[in-house]
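As structure tokens, the structure follows; a few thoughts come after it.
The values are calculated or read from the model by the stated rules, or taken from the named source; none is laboratory data. Everything quoted here is computed from the prediction, not taken from an experiment. Virtual Cβ from ideal backbone geometry, glycine too; neighbours counted across all protein chains shown.
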Amino acid sequence: MNTDALHRGAAHVNPHPLVRMLSDRLMAMAGKRAIRQAVAGARFCAVTLDDGATGVANLCPDVCGKPSRAVAHPLPPPGTPAADALATLVSPTRSAIGLATANALANRPGQWRGGRDASTIEGDLLEVLELRPDDQLGMVGCFSPLVERICQRVQRLLIFERGQRLTPDLLPEDQATALLPQCSVAIITATTLLNGTIDALLAAAANCREVVVLGPSTPLIPEVFVGPPRHASILAGVVVTDADGLLRAVTRDGGTRDFLPTVVKVNVRVPASGTRPPGA
């Protein structure tokens, strides 16, 4: 594939799947990097590279399919080229190990500690995201810790989830593309990078004032998320600062809250549409 042509065309219409653009962008960063260790628990997997950089990705069966999916894509042994693991991110495998490798390459402590520039802010998303009393917010994937605080600040919150997690307060996931165009703000779980829905969801949210890709699986590569037609305005992810602690939390079947002592939350503002950096 001619990736230069791919990215030039993407600046106008983004005809290629976002995960393909992400993989192509990070292949150059992979270089001669190799995997030092890869682990998986019941909910997440994590990859540490030979330089100590670590990334994490969700293994949630609600997003990735059956719980046995992690077994179907064995953990790469130490010494595996990072590029080989990254290649499993793209269809048809959409491996969470591939996404964890992408995050190990992209979300690096040396790059983000203290904020790379004014568009990067460490901390909780709701300290960064502007919400208005008349907003209708569409949330794809239920981020329970945020729900009450969001409800206090907006007119209406619509939460879209997968079938096995539905309650009277949650809408079916397949209604998201129909209802997101009616929202002024969208928050989309980064695990949609794995189930093949991220492109359609970002397109549906094209008219939202703010579009956030959220969660520890989020790759902090803003140039990939510049539209049109698929545009995110904020990438809200994590940078791992304690690799050993994060790996222990993952293998003990921990979740996002268990990761907090081992990561820094980072919010990256995506450039406005039409300002994609050269070569992106």
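Annotations
- Restricted to the range 248-270, and to residues there that are over 17 Å from the mean Cα position of the chain (by Cα) and part of a loop (DSSP other than H, G, I, E, B), the residue that is farthest from Leu146 (Cα to Cα) is Arg252.
Every residue, every condition in (1) touching a residue at least 60 places away in the same chain (Cβ under 8 Å); (2) on the phi < 0 side of the Ramachandran plot; (3) touching a helix residue (DSSP H, G or I) at 6+ places or on another chain (Cβ under 9 Å); (4) not assigned by TED's automatic domain parsing to the domain that holds Asp50, yes or no:
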{"position": "Val224", "(1), (2), (3), (4)": "yes, yes, yes, yes"}
{"position": "Gly227", "(1), (2), (3), (4)": "yes, yes, yes, yes"}
{"position": "Arg230", "(1), (2), (3), (4)": "yes, yes, yes, yes"}
{"position": "Leu235", "(1), (2), (3), (4)": "no, yes, yes, yes"}
{"position": "Arg248", "(1), (2), (3), (4)": "no, yes, yes, yes"}
{"position": "Thr251", "(1), (2), (3), (4)": "yes, yes, no, yes"}
{"position": "Thr262", "(1), (2), (3), (4)": "no, yes, yes, yes"}
{"position": "Lys265", "(1), (2), (3), (4)": "yes, yes, yes, yes"}
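- Qualifying positions in the range 24-38 - closer than 23 Å to Val263 by Cα and either at pLDDT below 95 or surrounded by fewer than 16 Cβ atoms within 10 Å (Cβ to Cβ) (or both): Met29
- Of all positions in the range 137-145, at least one carries a residue that is touching a strand residue (DSSP E or B) at 6+ places or on another chain (Cβ under 6 Å), among the hydrophobic types (A, V, I, L, M, F, W, C) and assigned to a loop (DSSP other than H, G, I, E, B).
- Candidates Gly65, Gly52, filtered to the one that is surrounded by fewer than 17 Cβ atoms within 10 Å (Cβ to Cβ) and modelled with pLDDT under 85: Gly65
- If you go through the range 223-246 and keep only what is buried (at least 22 other Cβ atoms within 10 Å of the Cβ) and assigned to a helix (DSSP H, G or I), you end up with Val224, Phe225, Leu246.
- Subset tally (residues that are acidic (Asp, Glu), within 21 Å of the chain's Cα centre (by Cα) and closer than 19 Å to Ile234 by Cα) for the range 127-180: 2
- Set side by side, the residues Cys208, Cys151 differ, and just one is buried (at least 18 other Cβ atoms within 10 Å of the Cβ), at pLDDT 95 or above and assigned by TED's automatic domain parsing to the domain that holds Pro261, which is Cys208.
- Every test in (1) within 28 Å of Cys151 (Cα to Cα); (2) modelled with pLDDT of 95 or more is passed by Gly245 save one, and that test is (1).
Conditions tested, residue by residue: (1) outside any helix (DSSP H, G or I); (2) at pLDDT 95 or above; (3) within 21 Å of Ile221 (Cα to Cα).
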site	(1), (2), (3)
Gly115	yes, no, yes
Ala118	yes, no, yes
Arg132	yes, yes, no
Thr177	no, yes, no
